[in-house]
Ligand code: ATP
């Protein structure tokens, strides 16, 4: 297995060379990943990337065409789901409709023959953490979608298991509750050291929760790494576009050398770049907060027009046009502009990125090349 996808010796769960097809659809192609004990591995990717299929293969609900699922150092491809000691919650959560929320939560523990008082304690604790304590007597039909989702999450988490599998478990909650749940979930996961594989299409959720992140695209791993690696060293423009709010600006142009200095040339504008980069067509990746507005004459700044602007909480994001492209500038504080207004934008290219014309990372500017 490639080193950058984690060492297979330190994993609680290791997927090795997994292929999966549904008819002609190649859902997973040579998938390798490692989930470590006590950590959250976040699987991030757009719709159709193969996230749910990966989780189902881990759970034993789908069988891979080839490859190995190794759990606790044992190949478990043929092990029945019920014998895997995993607990799962899927986006299409199924609760028992005819029993109360309390009994839905307690049902996960019934097989363990625990004392009633201990079950009560565990149910009340998880219900408190998930904010569903007030609904314990209700039937699932009398809950909102978000409340039902929290009950499903509680039911999965209350059950003792070696691995927790979560497929978009909080996707239906409103933003405020989602935020709270991320905090509660992280608290619970860290205090109980629950090993978790967590599927999401939301990069913020992946970064907030994942100790490690695997990014899937069309059934392949685009990158595996810690959250810092994924954010600071995206392997390609696919990942650069996926992470960040707003995501990184990706500006196609050419690296040229003039008088021994490298410049990134776009639409007749030459931007000085730190370090030495090979000449040729390339894509400059620059985060919106590394573009600044400047007033007064400046040789370094690019003159352009405001295309649009919007408020981002207490910040302002403006769109500017350079050549054919529209790019984002993130400013601290709330500002007003007029569409079409002329502004000067200075590019801070330290810690910006040069990708080749296929989208693979060549170098991070201002850092040692390579
Ligand atoms: P989403 O975020 O939309 O849930 P995902 O990343 O979880 O997407 P999967 O559900 O794993 O993606 O699907 C991966 C690919 O496999 C998709 O092209 C999907 O249409 C296909 N697929 C998944 N399950 C089946 C199935 N049972 N029969 C046929 N095709 C399937």
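The values are calculated or read from the model by the stated rules, or taken from the named source; none is laboratory data. Please read these numbers as outputs of a predicted model, since none were measured by experiment. All Cβ positions, glycine included, derive from the backbone under ideal geometry; neighbour counts span all protein chains shown.
Residues checked against (1) assigned by TED's automatic domain parsing to the domain that holds residue 266; (2) part of a strand (DSSP E or B); (3) in contact with a helix residue (DSSP H, G or I) (Cβ under 9 Å, 6 or more places away or on another chain):
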| site | (1), (2), (3) |
| --- | --- |
| 297 | yes, no, no |
| 304 | yes, yes, no |
| 311 | yes, yes, no |
| 319 | yes, yes, no |
| 326 | yes, yes, no |
| 329 | yes, yes, yes |
| 334 | yes, no, no |
Query - Some residue of the stretch 110-124 being within 30 Å of residue 141 (Cα to Cα), assigned by TED's automatic domain parsing to the domain that holds residue 157, away from the ligand (no atom under 16 Å from the Cβ) and in contact with a strand residue (DSSP E or B) (Cβ under 7 Å, 6 or more places away or on another chain) - result: no
Query raised in the report: Only one residue in 45, 23, 38 is surrounded by fewer than 20 Cβ atoms within 10 Å (Cβ to Cβ) and over 22 Å from residue 74 (Cβ atoms), so which one is that?
Result: 23
Query raised in the report: Here are some residues: 27, 49. Which one is closer than 30 Å to residue 183 by Cβ, modelled with pLDDT of 95 or more and in contact with a strand residue (DSSP E or B) (Cβ under 6 Å, 6 or more places away or on another chain)?
Result: 49
Query raised in the report: Across the stretch 63-78, which residue is nearest to residue 187 (Cα to Cα) among those that are within 13 Å of the ligand (Cβ to nearest atom) and surrounded by fewer than 19 Cβ atoms within 10 Å (Cβ to Cβ)?
Result: 63
Requested in this report: Please work out which one of (1) modelled with pLDDT under 95; (2) more than 26 Å from residue 171 (Cα to Cα); (3) under 19 Å from the mean Cα position of the chain (by Cα) is the condition residue 300 fails and give its number.
Outcome: (3)
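Listed here are the residues, each with its yes/no results for (1) without any contact (Cβ under 8 Å) to a residue 40 or more places away in the chain; (2) part of a helix (DSSP H, G or I); (3) within 16 Å of residue 95 (Cα to Cα); (4) not assigned by TED's automatic domain parsing to the domain that holds residue 313.
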site: 128; (1), (2), (3), (4): yes, yes, no, yes
site: 149; (1), (2), (3), (4): no, yes, yes, yes
site: 170; (1), (2), (3), (4): yes, no, yes, yes
site: 183; (1), (2), (3), (4): yes, yes, no, yes
Query raised in the report: Does residue 178 satisfy being more than 16 Å from the ligand (Cβ to nearest atom), surrounded by 23 or more Cβ atoms within 10 Å (Cβ to Cβ), assigned by TED's automatic domain parsing to the domain that holds residue 98 and in a helix (DSSP H, G or I)?
Result: no
Query raised in the report: Residues of the stretch 307-324 being in contact (Cβ under 8 Å) with a residue 12 or more places away in the chain and at positive phi, which ones?
Result: 323
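Does the stretch 158-167 contain at least one residue that is part of a helix (DSSP H, G or I) and in contact (Cβ under 8 Å) with a residue 24 or more places away in the chain?
yes
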Requested in this report: With the condition kept exactly as written, say whether any residue in the stretch 43-60 is touching a residue at least 60 places away in the same chain (Cβ under 8 Å) and away from the ligand (no atom under 16 Å from the Cβ).
Outcome: no
